[in-house]
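Accompanying notes for the structure given below.
What follows draws every value from the coordinates through simple rules; no lab data is involved. Values in this document were obtained by computation on a predicted structure and should not be read as measured data. Cβ placement follows ideal geometry from the backbone for every residue including glycine, while neighbour counts extend to all protein chains displayed.
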Number of protein chains: 2
Amino acid sequence: MTTEVTLRVAMTCGGCSGAVERIIKKMEGVEDYSVSLETQKVVVKGNLDPQAVLEAISKTGKKTEFWQ
Amino acid sequence: MTTEVTLRVAMTCGGCSGAVERIIKKMEGVEDYSVSLETQKVVVKGNLDPQAVLEAISKTGKKTEFWQ
């Protein structure tokens, strides 16, 4: 089953967004993703538990919340 | 027992160094720390396992290695 998880992640430079991308690439079950520094929007698609995605990205130390 | 762990962490902006600080503040056993964006040096002091500190900071998605 494919789930789409959309998050707002506080990123302020290309190092920030690159760090988020590296974490997503290490996650199991990811089929596709996008990370936008401009809009602060991170979308991850795949066989995923939304809460687990939120927690993994929170471990980057950046403020992370589900996109409203 | 107090251990001092010194790491080189790839940080490119204040958002990056702030993220590393937030992760260190959540670690147990930390007595003192410093994070320098300019020198890319992170020092953490306390009752700590150096490998665990390296792994926790690696989860920020930033390239992290022991300071040579």
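Residues in region B:9-19 include none that are part of a strand (DSSP E or B) and farther than 23 Å from A:Lys63 by Cβ. Of all residues in region B:20-31, those satisfying the criterion of being outside any strand (DSSP E or B) and over 12 Å from the mean Cα position of the chain (by Cα) are B:Glu28, B:Gly29. Of the residues making up region B:32-58, those that are in a strand (DSSP E or B) and closer than 22 Å to A:Ile24 by Cα number 0.
Here is a yes/no grid of residues against (1) without any contact (Cβ under 8 Å) to a residue 40 or more places away in the chain; (2) in contact with a helix residue (DSSP H, G or I) (Cβ under 8 Å, 6 or more places away or on another chain):
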| residue | (1), (2) |
| --- | --- |
| B:Gly14 | yes, no |
| B:Lys25 | yes, no |
| B:Val30 | yes, yes |
| B:Glu38 | yes, no |
| B:Pro50 | no, no |
| B:Ile57 | no, yes |
| B:Gly61 | yes, yes |
| B:Thr64 | no, yes |
| B:Trp67 | no, no |
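For (1) buried (at least 20 other Cβ atoms within 10 Å of the Cβ); (2) not β-branched (Val, Ile, Thr), each residue gets a yes or a no:
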residue: A:Leu7; (1), (2): yes, yes
residue: A:Ala10; (1), (2): no, yes
residue: A:Ala19; (1), (2): yes, yes
residue: A:Glu28; (1), (2): no, yes
residue: A:Val35; (1), (2): yes, no
residue: A:Gly46; (1), (2): no, yes
residue: A:Thr60; (1), (2): yes, no
residue: A:Lys63; (1), (2): no, yes
residue: A:Gln68; (1), (2): no, yes
